[in-house]
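Working notes, structure below.
Every number here is computed from the coordinates shown, using simple stated rules; none is lab data. Just so it is clear, the structure is predicted and the values come from calculations on it, not from any experiment. Neighbour counts are summed over all protein chains in view; Cβ atoms, including those assigned to glycine, are modelled from backbone coordinates with ideal geometry.
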């Protein structure tokens, strides 16, 4: 590819013959006829006027050889500044050709709601993207979890739901890393506005992934998040309803973690 690109550049500049000063990597071998030295014209033989008669001398005079045709010189504009070595430039061009281009990562899609219950903050996954209603089975299950944890079972909404991606169109980066930074900064700003928080509940895999930078292996475990403090990772409410066997493990984990907020004064 580097040789084809080089030839295309030379053709565009109308350069028929071109020889590099150094050996180029992956370049085709030079043509031998270009490396051969140019042939010098043979000197004309002068005829002495004393040997040949004037008439014969005039008839035998060899016309001087025509000067060899030379191609018009084309001045190629060169960029100002430091000229890089040709070998280095060709190596960079080859590296760009061989380096695979990174495929854009599709932005994740999730909706999260931040709530406050006593000394705890809750970041809850909204599977439908809409706020939970009071008679939703998921909301009733959340109230049961709060009562079992010794917290008020009527959590307070903190701000609007966080929906990702933020923009339907546009060139702004909305990949997983951008989502992680946005969610953590959003929670950090809300924590500064509220009273001190003993523990942050991360309910659902999107909350664990984009607030705690963890995965499903962190279910029922405690996390320490820089800038956010202590957190507790829980399975999503719908997952708990679909797999009731997870509630036993959740209850065992809650008995260990609840000391964080139960020891706080009212």
Problem - Longest to shortest principal axis, alpha-carbon extents of the stretch 129-231, angstrom - result: 45, 31, 31
Completion exercise
Ranked on Cβ counts within 10 Å of their own Cβ, fewest leading, 11, 30, 198, 171 go 171, 11, 30, 198
Exercise for the section: Report relative contact order for the stretch 110-262 in percent, whole number only (criteria: Cα-Cα under 8 Å, sequence separation at least 6). Expected result: 25
